[in-house]
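Structure first, then comments.
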């Protein structure tokens, strides 16, 4: 294992919003902590950042992290692949595989000629692969327990490099990408972790609640976790995929986008779809007071609740506010009476009740892994 290395590749997603194959790569050994990136790689990274940080945002960048089922080694975007971020969440608006899929309008990018309000770093990671060769019994466990932690170490190295060069960092992540983003926080060293990341907006997070609780400990990052209790991808897939390793009935299998974590001064679970009528009315009033938002929660005509938190234009406006308005903090939202997230099936009393539950270590041997069964 100590001889195994992963490749972190830096490609220019330039001002023309075109993909370029010319790239700088660095080999990073696997281990428990974030890697120390080579000086040459960091210099190249900073040159790219500075090339895209003109004007008032010289020292700020937003990192975007996609979810499950993508392999960035594929040179050309696949227009037929709903999970390819190059034709989806990272795509030029108007040129997505499906209208409304791109995250770039959140940053005021409406077409290929527009510049973003803040420079963006699109973090592409390998989130699918030869799961059977890794001795897993289903295709989700390999990216969940092997690939996401590897990608998180690479992302943590990037965060540490940016932070060391005086760059303020925000993160926007979706689905299994929230596991990468949060585990990256856990890999940061004690000097970097408290102040490296200013804000995180997590959409339909597939990271486990207890893992998130531990990873964010010690960070001053304001985390806005958008919870959707209609998300069947999380309730019937993410929470069950690791059975029997993490039994569905146990709180160690709860995921952040469906159950939330626990309220703290810096972490808030925002119930995009409150389960009770009175709460729904209250939440609508809060969103209206914030900026005449009409938050969409149900499936749209093309994709389901697992994607609606960012696909609906009004939801994108809300995400934009969370990332860009310095007055938006967990305490401010609580002062407005925003409804915080929990799933009714767990009961209101159970919301955030994950104290004392340790994070299980994933099975490492082939025999242990083959014991996992698809739900």
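Taken over the range 97-108, the criterion of being more than 20 Å from the chain's Cα centre (by Cα) and surrounded by 18 or more Cβ atoms within 10 Å (Cβ to Cβ) is satisfied by 97 alone.
Against the definition (at pLDDT 90 or above and touching a strand residue (DSSP E or B) at 6+ places or on another chain (Cβ under 6 Å)), how does residue 42 come out, yes or no?
Details: at pLDDT 90 or above: yes; touching a strand residue (DSSP E or B) at 6+ places or on another chain (Cβ under 6 Å): no.
For residue 42, the condition - at pLDDT 90 or above and touching a strand residue (DSSP E or B) at 6+ places or on another chain (Cβ under 6 Å) - is not met.
Taking the stated definitions as given, is residue 257 within 20 Å of residue 83 (Cβ to Cβ), out of contact with any helix residue (DSSP H, G or I) (no Cβ under 8 Å at 6 or more places or on another chain) and crowded, with 19+ Cβ neighbours inside 10 Å? So residue 257 does not fit the description; no. Can you name the condition, by its number, that residue 112 falls short on among (1) under 24 Å from residue 313 (Cα atoms); (2) buried (at least 18 other Cβ atoms within 10 Å of the Cβ); (3) touching a residue at least 24 places away in the same chain (Cβ under 8 Å)? With respect to (1) under 24 Å from residue 313 (Cα atoms); (2) buried (at least 18 other Cβ atoms within 10 Å of the Cβ); (3) touching a residue at least 24 places away in the same chain (Cβ under 8 Å), residue 112 is out only on (2). Counting only strands (runs of 3 or more DSSP E) that fall entirely inside the range 159-274 and contain at least 1 residues that are farther than 18 Å from residue 340 by Cβ, the qualifying elements are 168-174, 197-203.
Which one is surrounded by the most Cβ atoms within 10 Å (Cβ to Cβ), of the residues in the range 125-139 that are touching a residue at least 60 places away in the same chain (Cβ under 8 Å) and under 27 Å from residue 62 (Cα atoms)? Even if it seems obvious, please write down each step before you answer.
So in the range 125-139, the residues touching a residue at least 60 places away in the same chain (Cβ under 8 Å) come out as 125, 127-128, 134-138.
Within this subset, residues satisfying the condition of being under 27 Å from residue 62 (Cα atoms) are 125, 127-128.
On the way: 125: 23, 127: 26, 128: 15.
Looking at the filtered set, the residue picked out is 127.
For the range 309-375, the helices (runs of 4 or more DSSP H) that sit wholly inside it and include 2 or more residues that are in contact with a strand residue (DSSP E or B) (Cβ under 8 Å, 6 or more places away or on another chain), buried (at least 17 other Cβ atoms within 10 Å of the Cβ) and at pLDDT 90 or above are 313-324, 330-335.
The values are calculated or read from the model by the stated rules, or taken from the named source; none is laboratory data. Since the model is a prediction, treat every value here as computed from it, not as a measurement. Positions of Cβ are generated from backbone atoms using ideal geometry, with glycine treated the same way; all protein chains shown enter the neighbour counts.
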